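The values are calculated or read from the model by the stated rules, or taken from the named source; none is laboratory data. This one's a predicted model, so the numbers in the text were calculated from it and none came from an experiment. With ideal geometry, Cβ positions are generated from the backbone for all residues, glycine too; neighbour counts draw on all protein chains shown.
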Amino acid sequence: MEKLLTISIAAYNVGQYLHQALSSLCVPEILDEIEVLIISDGSTDNTAEIAREFESRYPGTYRLIEKENGGYGSTVNLGVAEAKGKYFRLLDGDDFFDSDAFRSFVEHLRTAEADLLMTFLSKCDCDGGNLDLRKQVWSVHVGETLKPSELTVPLLTGIWQTTVLTERIRKNLVELPLHTLYTDQLFSFCALAGASRIEFRPEAVYIYRLGRDGQSVNSDSLRKHYQDELKVLNKVLKLYASSPLVTDENRAMLRSRVRHYYMFGFQTVCILKRSAEHFRLLRSLERTLRKLCPDVYKEAWEKSPKIRHMRESGYLLYLFTAGNDKYWS
């Protein structure tokens, strides 16, 4: 049977969580219509063992791919290349899906025609409790299929909400850098940039696990890996400035996405320890944005009071706010 959906799982030493992730996809009504790629990125725990168990029990659905460690981006590159499903989406090995919502969503894919579909994200704590559905601003469009220019709200989204036509992402995805965090930003940009029709669905498919040690979005990790964040941000800015995927039709949608990434990078520099080096880095970041993406530079001024206040102060505000997590949260 032709596969409707490929789920590519980045799995690096996630043995503690992987069984739950794989079990959440094991829905009898749709099992033959999905493909699950478990990409073990040089794992040294029991990640591969758990994956083999599912591969053995459900041949043709679950597939283990073992590779040398290359980082998150390398698993996405490989997943896109190996995918056989009509549609493609990502799942981190320490997260999981809501099985009922997932079943409903895959059943809908049987007749879907959009090249990008958006679903909601739920979050839970590390013990699986306190389930909390986080609505998105684009909830006003649920049930609609729109062109990018028809959106009435910013499409601030990430890999957790995105399902993309495989042939489209395979054509448009730039190769994600190895051993680099935050490459999901590049994936999301390319998925959005390649979309001509976006469908907004009511299902909350993805469940994101909060509070796990070492998550890349906590402040300590941001400080440790800020160079990765800025590396990816600069690649996004260059894509927005020069990629033929950015058109009059989708520019406004992509501008809000790039502005969001920029605000995140700006904040990352500002939570670093105050120093002349980091101050120069902040100014360099601002100059790069103004040169490459003047419309994003303008929108950051309009949408972010903290960036506006920083610029209005001639960046002297940096002296009083640098390293202050509370101010920049």
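Tabulated data for the structure shown
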quantity: Unmet criterion (only one of (1) outside any loop (DSSP other than H, G, I, E, B); (2) outside the structural domain of LEU109 (by TED's automatic domain parsing)) for VAL246; calculated: (1)
quantity: TYR206 vs. criteria in a helix (DSSP H, G or I) and aromatic (Phe, Trp, Tyr); calculated: no
quantity: LYS306 under 29 Å from ASN250 (Cβ atoms) and touching a residue at least 12 places away in the same chain (Cβ under 8 Å); calculated: yes
quantity: Qualifying position, being part of a helix (DSSP H, G or I) and over 18 Å from the mean Cα position of the chain (by Cα), among SER221, SER149; calculated: SER149
quantity: Filter pass, GLU113 being acidic (Asp, Glu), at pLDDT 95 or above and part of a loop (DSSP other than H, G, I, E, B); calculated: yes
quantity: So SER104, is it hydroxyl-bearing (Ser, Thr, Tyr), farther than 22 Å from LEU5 by Cβ, touching a residue at least 60 places away in the same chain (Cβ under 8 Å) and touching an Asp or Glu at 6+ places or on another chain (Cβ under 6 Å); calculated: no
